[in-house]
Amino acid sequence: MIYNIEIYGDFIRKILRKIPYIKTKILIRCLVNNFNDVDEKMAEKILYELQSQGECLLSSDGWAITKGMYYRISDDKFRDNFKYHNDCRLSNVEAYLENLNKDDVDIMWLVADLMPDAENFIVCDTPWNIMFDVPSSEWQEPRLFQLIKIPGNVEDERIELLKNSKRLIPEEKLLGSIRRIALIDNPAHAFKIPQLGFTHICVLDESQKKGYRIVEKRTKDIWSDIKKYDNQY
């Protein structure tokens, strides 16, 4: 029996309502980083218990997926592929997800690392993938985090969008409280990200426990490109 399973369940359900297919390891990191009493082993048990309650499906190839999403993308309407006596009800779901956009899933590695601050994240329209705010405390001012995945196949186009979208330029009084983070495919292209509030440029890295690594950290003149693009606004 897992104590507080209702609390953990509510937390996972909130994530799956926003991201209906996600790497199981990401959910584990979300649980570990959000709850002081949960380690990785405990997090796995929580997900198995939630699966047994019908809250999600786990696959042996490392995915967690809602039942609704699974039925939508598979032909398994009668649960013929369910393996009820295994830890993971499903074997391989990667093939079903092959043609789906995984940018939000990739960004969730960063979101997991920013828990518990990121607990109430929202999924956004282009160009941002994820946003969340952090209220002020006695130690810090309020902050707004804006996370974007810039895929390699539209890298230049997405960066041009960033440069030419007036709504991405906040009021001057907010510049100090906004933290923008970019996830890119090619670490050598960090220099392409404009100085429009980006403090960290990252790439996915399976060798890292966090699932990603920082390739560039900016602390000075992070908004300096506003002047460069002034004529566009």
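Couple of notes before you dig in:
- Of note, LYS45 does not satisfy the criterion of being farther than 25 Å from LEU204 by Cα and either β-branched (Val, Ile, Thr) or part of a loop (DSSP other than H, G, I, E, B) (or both).
- Qualifying positions in region 181-198 - open to solvent by less than 10 Å² (accessible area, probe 1.4 Å) and within 22 Å of ARG29 (Cβ to Cβ): ALA182, LEU183, ILE184
- Failed item, numbered, when ILE148 is tested on (1) of a type in the set (Val, Ile, Thr); (2) modelled with pLDDT under 90; (3) in contact with a Pro (Cβ under 8 Å, 6 or more places away or on another chain): (2)
- In region 139-155, residue least open to solvent (accessible area, probe 1.4 Å) [restricted to those that are closer than 17 Å to LEU100 by Cβ and out of contact with any strand residue (DSSP E or B) (no Cβ under 6 Å at 6 or more places or on another chain)]: PRO151
- Residues in region 75-116 that are touching a residue at least 60 places away in the same chain (Cβ under 8 Å), loosely packed, with under 15 Cβ neighbours inside 10 Å and either charged (D, E, K, R) or within 22 Å of GLY54 (Cα to Cα) (or both): there are none.
The values are calculated or read from the model by the stated rules, or taken from the named source; none is laboratory data. The structure displayed is predicted, hence computed values, not measured ones. Don't worry about glycine lacking a Cβ; one is built from the backbone with ideal geometry, like all the others, and counts go over all protein chains shown. Remember, those area values only see protein heavy atoms, side chains included, never the ligands or the DNA or RNA. Shrake-Rupley method; radii C 1.70, N 1.55, O 1.52, S 1.80 Å.
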